[in-house]
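Taking it in order: structure first as structure tokens, then the write-up.
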Amino acid sequence: MKLTVVGGGYVGLTTGVCFAHLGHEVMVVEKIPQKVELLRAGRSPIYEPGLEELMHESLSSNRLKFTTNLKEGLEFSDVIFICVGTPQRPDGSADLSQVEEVARETAKLMTSYKLLIEKSTVPVNTHQLIKKTVQRYIKSPDIPYDVASNPEFLREGSAIEDFLKPDRIVVGVESERAKKIFEELYKDFNCPIIFTDPATAELIKHASNSFLAMKISFINMVADLCEKTGADIKLVADGMGYDKRIGRDFLNAGIGYGGSCFPKDVKAFIRIAQDYGLDFGLLREVDRINQERPIRFVEKVKRVLWSVKDKKLAVWGLAFKPNTDDIREAPSIKIVDMLLREGAKLSLYDPKAMENFKLLFPEGKGISYAKDPYSAVESAEGLLILTEWQEFKRADLGRVKGLMALPLIVDGRNVYEPEEVRALGFEYYPVGR
Ligand code: UGA
């Protein structure tokens, strides 16, 4: 099939690259020219395992094209995936102006059937607004079109795998014609395909992300209780997780969820409920607990070290999760900021996210960046772990101990087994254990 993907961010790029990999002809529209140049050269502006390899494959077989020109993209095919940004407004609601633009421009250009598909996370009933916009700008009321919702559930760091092997595919459609297109598009996928109306599909996406965020805030509160009572959060999560109704996934306690989705989507979902006259107090609490996590972590560091003023502390991990260079809403931002205010001298290391972090926290004024995890800990009086990269799990802790001025680890992600690290002579402070 010929497919157009508007928006070359995480979702758009992965969608485009994966559909091209599956044999479709894809044009990705991205409005930032430098990004398009990079993409045409086969380089990904984001770090995502496996993405560049698949890009090369499809670029060389000419199944994947990039353009800055929305018109060119919209003329390329009848099936248009809307993967543009839906950033958060100060009041928590989603800014849908980029979605509106795609709907409007498509309507102005259309001379024959088009299927407009929402892939970006949007508030329930956004499809109605898209339809209204198309009706307003379309040249003739006789030109047929459909608006569908096909939310994406991929995670950063495992985007390709999540896209190609999803747990389920959700499609919200209103016509047989649109349904047939999706059946053809996803015919080789070996997972349940759930056809619903568009409003239901839109809600499934927001409800899923909010539910997962709720699991994380829940387990984080239980972790606090474990710390007070001497119970072990890992075993509590395992013990709960064996119950199929609960499941073990997303029950890892830590310093809170970050990224471009959960923090924004939880707030947006609260706001959506509010717009319909409902108070989703449960989610307000999920959000509040999450916002407190970095504060709790810094309190713990201060409790352990008494004062952090002028102390050299190493920080391992800045990305909001492993296998990404993304630092959007990463707990590391708040933690680093608070520690700097307390007068700590920080030596930071992350395998992929340091360049992005430098834009927020340039070198100097209590901040330095290390070339590897070992140089970060040299003469440090504490090591703080903020992201659970494999590199840290595999680190030579004997060497780390030899390099540190004081062998002390405050681990925000439960990377190690407490007995093992303590046996090596570290003071070790994990989460909830
Ligand atoms: C999330 C969802 O998992 C995807 O299904 C969804 O498609 C995506 O948002 C989106 O809406 O685009 P993502 O934000 O990439 O994906 O990353 P997650 O793996 O969900 O992690 C989010 C945050 O939760 C991270 O900061 C992670 O460290 C934290 N987390 C996750 C925990 O603290 N504990 C856990 O047990 C799991």
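The values are calculated or read from the model by the stated rules, or taken from the named source; none is laboratory data. Just so you know, these numbers come straight off a predicted model, no measurement behind them. Cβ atoms come from the backbone with ideal geometry, glycine included; neighbour counts cover every protein chain shown. Heavy atoms of the whole protein, side chains included, go into the accessibility calculation; ligands, DNA and RNA do not. Shrake-Rupley method; radii C 1.70, N 1.55, O 1.52, S 1.80 Å.
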On C-alpha positions alone, give me the angle between the axis of helix 126-137 and the longest principal axis of the chain, in degrees, nearest 10. 40 degrees
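Could you give the accessible area per residue of the chain, probe 1.4 Å, as a whole number in Å²?
On the way: 19600 Å² over 433 residues.
About 45 Å² of surface per residue is accessible.
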Placing +1 at every Lys and Arg Cβ and -1 at every Asp and Glu Cβ, with all other atoms neutral, what dipole size does segment 2-196 have around its Cα centre, in debye to the nearest 20? 520 debye
For segment 322-384, state which GluC sites (Glu not before Pro) are in a DSSP loop and have at most 12 other beta carbons lying within 10 Å of their beta carbon. E363
With a 10 Å cut-off between alpha carbons and a GNM built on the chain, which of G343, G258, G277 moves the most? G277
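Want the number for L129 to T68: 0.36 nm per residue separation, take away the alpha-carbon distance, what's left?
Contour length minus the Cα-Cα distance gives 19.5 nm.
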Placed amide H near V26: partners under 5 Å, 5+ positions off or other chain: L3, L64, K65
Most fluctuating of V236, V173, V336 in the GNM of the chain (C-alpha, under 10 Å) is V236
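Given R₀ = 35 Å, FRET efficiency for I246-L340 by Cβ-Cβ distance, to 0.05?
On the way: r = 39 Å, r/R0 = 1.11.
For R0 = 35 Å, the calculated efficiency reads 0.35.
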Could I have the simple spin-label model distance between K2 and R399, label points 7 Å from Cα toward Cβ, reported in nm to one decimal? 5.5 nm
Taking a ≥ b ≥ c as the square roots of the Cα gyration tensor eigenvalues, with a/c under 1.5 meaning rounded and otherwise prolate when a/b beats b/c, else oblate, which class fits segment 218-263? oblate
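Using a/c under 1.5 as the rounded threshold, could you call segment 308-406 rounded, prolate or oblate? The axes a ≥ b ≥ c are square roots of the C-alpha gyration tensor eigenvalues, and prolate needs a/b larger than b/c, oblate otherwise. Working shown, then result.
Values: a/c = 1.81, a/b = 1.07, b/c = 1.68.
The shape class here is oblate.
Using r as the Cβ-Cβ distance of Y186 and R284, and R0 as 30 Å, what FRET efficiency do you calculate, to the nearest 0.05?
Values: r = 36 Å, r/R0 = 1.21.
Computed FRET efficiency for Y186 and R284 comes out at 0.25.
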Please identify the trypsin sites (Lys or Arg not before Pro) of segment 157-218 that satisfy two criteria: DSSP loop assignment and at most 16 other Cβ atoms within 10 Å. Which are they? R168, K187
R0 of 25 Å, Cβ-Cβ distance T111-R136: FRET efficiency to nearest 0.05: 0.90
Greater than 20 Å separation of Cα atoms is the criterion. Which listed pairs, K31/K267; K2/K205; K35/K65; K71/K165, meet it? K31/K267; K2/K205; K71/K165
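Helix-only estimate, please: 222 nm mean residue ellipticity of the chain, summing -39500 (n - 2.57) across DSSP H runs of length 4 or more and dividing by its residues, to the nearest 500. Provide the component values of the computation, followed by the final result.
Details: 18 runs with 198 residues, N = 433.
For the chain, the value works out to -14000 deg cm²/dmol.
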Environment charge at A395 (Cβ cut-off 15 Å; Lys +1, Arg +1, Asp -1, Glu -1): -3
Need one number for segment 2-196: average projected area of the convex hull over its C-alpha atoms, nm². 10.7 nm²
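Enumerate by residue number the trypsin sites (Lys or Arg not before Pro) in segment 109-162 meeting two conditions: DSSP loop (anything except H, G, I, E, B), and at most 12 other Cβ atoms within 10 Å of the site's Cβ.
Details: sites: K114, K119, K131, K132, R136, K139, R155; in loops: K119, K139, R155.
When the trypsin sites (Lys or Arg not before Pro) of segment 109-162 are filtered for loop state and at most 12 Cβ neighbours within 10 Å, K139 remain.
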Can you pull the one-decimal nm distance between simple spin-label points at A207 and K228, each 7 Å off the Cα toward Cβ? 3.3 nm
Classify the chain: rounded, prolate or oblate, from the alpha-carbon gyration tensor (a ≥ b ≥ c, eigenvalue square roots; a/c under 1.5 rounded; otherwise prolate if a/b is larger than b/c)? prolate
Nearest-ten-degree value, helix 10-21 long axis tilted from longest Cα axis of the chain: 60 degrees
If each residue of separation counts as 0.36 nm, what is the full-extension length gain between Y276 and D91 once their alpha-carbon separation is subtracted? 65.1 nm
For the chain, give the percent of accessible area contributed by carbon and sulfur heavy atoms, probe 1.4 Å, rounded to a whole number. 52 percent
